[in-house]
Ligand SMILES: [Zn+2]
C-alpha cells in the first residue's frame, strides 16, 4: 500500500493550457437525455474532467457506467450518510468494494457524517464511514467527504483513520479558518463550491489558506425546484468559483486553474493517472 502523503509528491504544475477539474458532482442523478448538454457546456467552460459521486451503491454503479461511456467523466463510489437506511449492509459494502476496483473510479465519495436532527443514527453513520474508508485504503482511493453539523466528530474519525495518507478533501466546504486548517494539517484539501460567491466569512478563509490546499467543485445535481433550467448548477459553473478565488487572492484565474488542477491530481494520486492523461497533465 503506497502512502500517498509520502510517495506521491505533488505533480509538476500542469501547463498553461490545462483545464479545470470538477472534483464532486452527482451527474448520475441526471436523465440520460440531459447529459450531452451538460457535458457540452462543461467543455465550453474549460472543465475537462468531472468526478461523478454516487450516494448509494446503486448510484455508484451508475457513476461507473457513465464514466466508462464518457471520456470527461470519472467515477467516485460511496454511500452518503443521509441515504443510509440502517447500518450499511454487507452486500452494499461488497458492491462498493467491487466497484472501487474499477479503473473508472478515482475516489471514495460521497461518504461522511451528517448530524442534522432528521439524520440516521450516528452509530450507523460512523460505522458506514469507517467501513468505506477501509475500502478506500484497500484500493488506494482518496476520500472526498461530507460533514454537516458534525465537523469535530468527522475530523476526529479522519485523523483516527489516517485519511491524510490516502489523500482527500472536505467537500462543499463552508467552515471556519480553524476548521480548514485542521483539514489541511491532516494532509487533505479544501473543496470550494458556489457558496464562495456569496459568503464573506468563507471568502476570508479562501483568501488565507494555502493555494496548494484548494480544489474546486460544483456538487451539481438536478434542481427541478429552480423553475429556470438555465439556473441549475452545472460543472460549467466552475469558472465562477475560480474567478472569485482569483479575485480574493489577487492572482490571475489561469494561476487558479493550474493550481487547483494540480492539487486535485496530487490528491487523487495513482488512481487519478488516467484522469491526468485525459487533461494532458
Ligand atoms: Zn455531494
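Since every read-out is calculated from the coordinates, none of them should be taken as a lab result. All figures in this text were calculated on a predicted structure; none of them were measured in a lab. Cβ placement follows ideal geometry from the backbone for every residue including glycine, while neighbour counts extend to all protein chains displayed.
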- Note on the structure: One finds the C-alpha centres of region 53-122 and region 200-262 to be spaced, in Å, by 24 Å
- Query: Can you give the helix-only mean residue ellipticity at 222 nm for the chain, where every DSSP H stretch with n ≥ 4 adds -39500 (n - 2.57) and the sum goes over all residues, rounded to the nearest 500 deg cm²/dmol?
  - Reply: -13000 deg cm²/dmol
- Query: Say each of residue 228 and residue 207 gets a label point 7 Å from the Cα, pointing the same way as Cα to Cβ; how far apart are those two points in nm?
  - Reply: 2.9 nm
- Radius ratio Rg over Rh of the chain, counting only Cα atoms, Kirkwood formula for Rh: 0.93
- Note on the structure: A correct fewest-to-most ranking of 209, 144 by other Cβ atoms within 10 Å would be 209, 144
- Exposure proxy check on 161, 247, 110: fewest-to-most Cβ neighbours within 10 Å is 247, 161, 110
- Query: Tell me, 115, 20 in order of fewest to most beta-carbon neighbours within 10 Å?
  - Reply: 115, 20
